[in-house]
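Down below is the structure, laid out as structure tokens.
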Amino acid sequence: MQRREFIALTLCTLASAASAGPRLLPGPAAATVAKDAIDAADWHRLCRFVRTDFGNVACIDHGEGEAALFLHGFPLNSFQWRGAIARLAPYRRCIAPDFLGLGHSEAGDGQSLAPDAQVGMLLALLDALGIDSVDVVANDSGGQAAQLLVASHPQRVRSLLLSNCDTEINSPPAAMAPVIALARENRWVDEWIAPWHADPVLARSAEGIGAMCYADPGHPTDEAIDAYFSPLLASPRRRRLANAYAVALARNPLTGIGPRLARCGVPTRIVWGMADTIFAPDDADHLDRAFDRSRGIRRLPGYKLFWPEERPDVIAEEALRLWDVRLQGAADALSRPATATRTPVR
């Protein structure tokens with residue numbers, strides 16, 4: 001284990017070492033977020049591992065009320081949702097896991113990283129946390145997992161908020177072909193992720209993830225680049241797992257899912273960045289037709305794949321409307337992050 005991985009592991013586990021149950025609880029330092037936004041230091045303090053049969057799942061568990069599950073994109077991790085969770089924690093218990101092979105989650109030896117295994121991990125995580133049903137918010141490959149989850153276990157999902165993501169007619173997207181090819185040779189992390197991590201300006205350029213997936217040339221920030229990529233580079237095993245995650249996306253797991261989405265009965269809202277060069281506007285229309293209780297599409301001109309990171313206010317607005325939240329002061333969540341909120345302790 002190298003130094004960066006050791007530090008991340010320590011931050012996620014120190015506060016929860018005293019807990020004997022499957023849900024690892026934070027200590028006093030993690031009980032509140034004192035700032036108006038959740039930065040990387042806050043995120044690490046809120047992070048803990050939950051033991052499952054799939055491995056130790058790193059996740060954020062922050063806020064109060066019924067649970068909402070936030071599913072991040074590739075090659076990001078739960079840090080993607082920091083702005084949305086800062087706004088929504090007063091209204092939901094926000095659960096944001098890192099997928100196996102990405103972020104800080106520790107996949108068990110020999111554990112599959114395929115999309116169906118990721119869904120199994122999500123169900124095991126919810127069971128370990130004592131959560132029966134969730135409102136799901138998802139982006140990119142997280143949206144793929146969300147569709148598999150709602151198709152196989154619709155009783156576990158109260159509502160579904162989807163942003164740019166895989167669909168039955170476009171999974172994996174063509175842009176993933178060079179990533180998957182390099183990952184098969186165990187080269188993608190070293191040839192793409194390592195240079196981006198070493199040079200944030202490159203990462204934000206036309207040669208990096210920035211111009212490819214973000215509208216704002218200031219994204220991803222230096223802090224986000226380190227939060228997303230340092231775990232993938234922390235050890236040879238982590239590099240292999242990140243490559244394996246990409247390879248596992250080569251097969252379309254959504255083939256034939258249409259009839260199950262059509263009868264799932266889950267209220268679904270779609271918000272789409274219209275400048276995305278990876279998932280086309282037609283993918284949003286496909287999803288709108290696929291769900292029997294679709295509440296339509298909101299189109300965001302000029303925004304790309306990872307717009308939820310840039311516009312957490314839109315995520316908050318759409319989520320509160322979908323959840324039918326009519327609380328005094330809820331409008332404040334649409335324009336600014338929430339201040340300190342308590343992490344529930346059981």
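A short reminder: the numbers here are calculations on the coordinates, not readings from a lab. Because the structure is predicted, anything quoted here is derived from the model rather than measured. Neighbour counts are summed over all protein chains in view; Cβ atoms, including those assigned to glycine, are modelled from backbone coordinates with ideal geometry.
Within segment 47-64, residues that are in contact (Cβ under 8 Å) with a residue 60 or more places away in the chain and over 12 Å from GLU106 (Cα atoms) reach partners that are of a type in the set (Lys, Arg) and buried (at least 24 other Cβ atoms within 10 Å of the Cβ) with beta carbons closer than 9 Å, at six or more positions or on different chains, in the pairs ASP61/ARG48; GLY63/ARG92; GLU64/ARG92.
Being within 30 Å of VAL150 (Cα to Cα), under 20 Å from the mean Cα position of the chain (by Cα) and assigned to a loop (DSSP other than H, G, I, E, B) holds for only one residue in ASN252, ASN243, and it is ASN252. Identify, please: which residue in segment 154-168 is charged (D, E, K, R) and not in a strand (DSSP E or B) and is, among those, surrounded by the most Cβ atoms within 10 Å (Cβ to Cβ)? Ranking the candidates gives ASP166 first.
Of all residues in segment 194-223 being surrounded by fewer than 22 Cβ atoms within 10 Å (Cβ to Cβ) and aliphatic (A, V, I, L, M), which is farthest from LEU305 (Cα to Cα)? Checked segment 194-223; the qualifying residue farthest from LEU305 (Cα to Cα) is ALA198. Checked against (1) part of a loop (DSSP other than H, G, I, E, B); (2) of a type in the set (Val, Ile, Thr); (3) buried (at least 22 other Cβ atoms within 10 Å of the Cβ), ILE131 passes all but a single condition, namely (3).
Results for (1) touching a residue at least 60 places away in the same chain (Cβ under 8 Å); (2) within 30 Å of ASP190 (Cβ to Cβ); (3) loosely packed, with under 14 Cβ neighbours inside 10 Å; (4) not hydroxyl-bearing (Ser, Thr, Tyr), shown as yes or no for each residue.
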{"position": "PRO231", "(1), (2), (3), (4)": "yes, yes, no, yes"}
{"position": "PRO236", "(1), (2), (3), (4)": "no, yes, yes, yes"}
{"position": "LEU241", "(1), (2), (3), (4)": "yes, yes, no, yes"}
{"position": "TYR245", "(1), (2), (3), (4)": "yes, yes, no, no"}
{"position": "LEU249", "(1), (2), (3), (4)": "yes, yes, no, yes"}
{"position": "LEU261", "(1), (2), (3), (4)": "yes, no, no, yes"}
{"position": "VAL266", "(1), (2), (3), (4)": "yes, no, no, yes"}
{"position": "GLY273", "(1), (2), (3), (4)": "yes, yes, no, yes"}
{"position": "PRO281", "(1), (2), (3), (4)": "no, no, no, yes"}
